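Only one structure is covered here, and it is reproduced in the block below.
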Amino acid sequence: MSQRVFETLVAAPCGQGTTVLAIDKDTGAGYLYSVGHANGLATVIKGLGKAPGSFTDPVYFSWTKYTDPALAGE
């Protein structure tokens with residue numbers, strides 16, 4: 001990921017990897033990343049750019065069922 005500080009990360013499984021929304025609470029901006037299967041320093045992290053909208057809510061969470069597949073790398 002970039003050299004930024006994100007106070008909130010929201011992750012969801014996507015294909016063979018994980019999609020992460022990284023939220024900077026100071027600016028209200030969100031940035032999307034695609035993270036491949038965890039493989040140490042060789043783990044692929046691809047920046048997908050700034051997410052549309054403003055993320056100024058105080059709390060974010062991810063709702064999943066126990067039967068949902070685990071995130072890649074967990």
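In the set VAL10, VAL20, which member is open to solvent by less than 40 Å² (accessible area, probe 1.4 Å) and modelled with pLDDT of 90 or more?
VAL20
I need the full set of residues from segment 33-74 which are surrounded by 13 or more Cβ atoms within 10 Å (Cβ to Cβ), over 23 Å from GLU7 (Cβ atoms) and either modelled with pLDDT under 70 or of a type in the set (Val, Ile, Thr) (or both), in order please.
ALA72
The values are calculated or read from the model by the stated rules, or taken from the named source; none is laboratory data. Computed from a predicted model, the values in this text were never measured in an experiment. Neighbour counts are summed over all protein chains in view; Cβ atoms, including those assigned to glycine, are modelled from backbone coordinates with ideal geometry. In case anyone asks, the SASA skips ligands and DNA or RNA and just uses the protein heavy atoms, side chains included. Shrake-Rupley method; radii C 1.70, N 1.55, O 1.52, S 1.80 Å.
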